[in-house]
Amino acid sequence: MASAHTPASQFDFYWQQKGEWVEEPNQRRGGESGVQRLDDGQGHCLYAKRQTGHLYRSWLHPFGRPTVLREQDALSNCARLGVRVPRIVFCQARRDANHQWQALLVSEALEGFVDLESWYAAGALTRYPEAVHQRMLKDLAQNMARMHRGHWQHSCLYGKHVFVKVVGEGEDAHVETALLDLEKARRRLRCQSAAAKDLGQLQRHSSISDAHFRSLLYFYETAFGSAVKGLGQ
């Protein structure tokens, strides 16, 4: 419905929308950032990351650039690499009358997905047979390998940023995984460095058991190739 608007009016349209805060606005990076859940008017759920003066700095952007623009870059590139990530509906940044940055990133909800930590907390280990868990680990490993082979590092790969969707029951259940919150993602010169950083983070900051993490590493090495063998040892 907003797609027919000009970029400026589209920004105003989303900026003025009211919805439930799923991540309350918090102060950091010299500004404010929060995430709202919106309805697109057709029964579909959207998530809008709203930021004011929330910047990162780099040698390319020494005076600061809204972090949603970095996330947009990461999401777009990862999608082209075949990594399952949320689809971007709208993203833009502008300066207000006081020359302060305002920025928006609107993306589609991953329907039917739940974050990995909630999945485990809801009893996934007992609800699903081992074959389903292995299928989940293999799909996650393949998503990560595609990202790293493209020299992208997630940089905040915690269990809460890995999402899982299971369709069906028993041995034949279909499993998909997706990666969220790529706000800190960045390109790395060496894909092995990206792999080591993200795999280490996931091992420390998720509820994946040691045995299942070994399976994840096996699937990852198979998907990526011999260049990363030994990373988890």
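Only one of the listed residues (Gln153, Gln102) is assigned by TED's automatic domain parsing to the domain that holds His44 and either touching a Ser or Thr at 6+ places or on another chain (Cβ under 9 Å) or surrounded by 15 or more Cβ atoms within 10 Å (Cβ to Cβ) (or both). That residue is Gln102. Among the residues of the stretch 33-49, the ones that are at pLDDT 90 or above and surrounded by fewer than 17 Cβ atoms within 10 Å (Cβ to Cβ) come to 3 in all. Of all residues in the stretch 54-75, those satisfying the criterion of being surrounded by 13 or more Cβ atoms within 10 Å (Cβ to Cβ) and not hydrophobic (A, V, I, L, M, F, W, C) are His54, Tyr56, His61, Gly64, Arg65, Pro66, Thr67, Arg70, Glu71, Gln72, Asp73. Taken together, Arg214, Arg188, Arg146 contain a single residue that is more than 27 Å from Glu108 (Cβ to Cβ), within 18 Å of the chain's Cα centre (by Cα) and surrounded by fewer than 21 Cβ atoms within 10 Å (Cβ to Cβ), which is Arg188. Among the residues making up the stretch 17-46, those that are over 20 Å from Gln100 (Cα atoms) and part of a strand (DSSP E or B) are Glu20, Trp21, Val22, Glu23, Glu24, Gln36, Arg37, Leu38, Asp39, Cys45, Leu46. Please determine whether any residue of the stretch 26-37 is within 29 Å of Met136 (Cα to Cα), acidic (Asp, Glu) and in contact with a Pro (Cβ under 8 Å, 6 or more places away or on another chain). No, every residue in the stretch 26-37 fails to be within 29 Å of Met136 (Cα to Cα), acidic (Asp, Glu) and in contact with a Pro (Cβ under 8 Å, 6 or more places away or on another chain).
This table checks each residue for (1) without any contact (Cβ under 8 Å) to a residue 60 or more places away in the chain; (2) at positive phi.
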{"position": "Asp12", "(1), (2)": "yes, no"}
{"position": "Gly43", "(1), (2)": "yes, yes"}
{"position": "Tyr56", "(1), (2)": "yes, no"}
{"position": "Ser76", "(1), (2)": "yes, no"}
{"position": "Leu81", "(1), (2)": "no, no"}
{"position": "Arg87", "(1), (2)": "yes, no"}
{"position": "Phe90", "(1), (2)": "no, no"}
{"position": "Arg95", "(1), (2)": "yes, no"}
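The single condition among (1) in contact with a strand residue (DSSP E or B) (Cβ under 7 Å, 6 or more places away or on another chain); (2) surrounded by 16 or more Cβ atoms within 10 Å (Cβ to Cβ); (3) small (Gly, Ala, Ser); (4) over 14 Å from Tyr220 (Cβ atoms) that Ala194 does not satisfy is (4).
Inside the stretch 90-107, residues that are in a strand (DSSP E or B) and over 12 Å from the mean Cα position of the chain (by Cα) make up a count of 12. For the stretch 139-176, a residue qualifies if it is touching a residue at least 60 places away in the same chain (Cβ under 8 Å) and farther than 16 Å from Asp198 by Cα, and exactly one does: Glu176. Can you spot a residue in the stretch 76-89 that is outside any helix (DSSP H, G or I), in contact with a strand residue (DSSP E or B) (Cβ under 7 Å, 6 or more places away or on another chain), surrounded by fewer than 19 Cβ atoms within 10 Å (Cβ to Cβ) and at pLDDT below 95? Among the residues of the stretch 76-89, not one is outside any helix (DSSP H, G or I), in contact with a strand residue (DSSP E or B) (Cβ under 7 Å, 6 or more places away or on another chain), surrounded by fewer than 19 Cβ atoms within 10 Å (Cβ to Cβ) and at pLDDT below 95, which makes the answer no. On the stretch given as the stretch 163-185, residues that are surrounded by fewer than 18 Cβ atoms within 10 Å (Cβ to Cβ) and either under 21 Å from Val35 (Cβ atoms) or of a type in the set (Phe, Trp, Tyr) (or both) total 1.
Taken over the stretch 109-126, the criterion of being in a helix (DSSP H, G or I) and either among the acidic types (Asp, Glu) or in contact with a helix residue (DSSP H, G or I) (Cβ under 7 Å, 6 or more places away or on another chain) (or both) is satisfied by Leu116, Glu117. Collect the residues in the stretch 112-142 that are of a type in the set (Val, Ile, Thr) and within 16 Å of His174 (Cα to Cα), keeping them in residue-number order. Result: Val114, Val132.
The values are calculated or read from the model by the stated rules, or taken from the named source; none is laboratory data. Bear in mind the structure is a predicted one, so any value in this text is a computation, not a measurement. Neighbour counts are summed over all protein chains in view; Cβ atoms, including those assigned to glycine, are modelled from backbone coordinates with ideal geometry.
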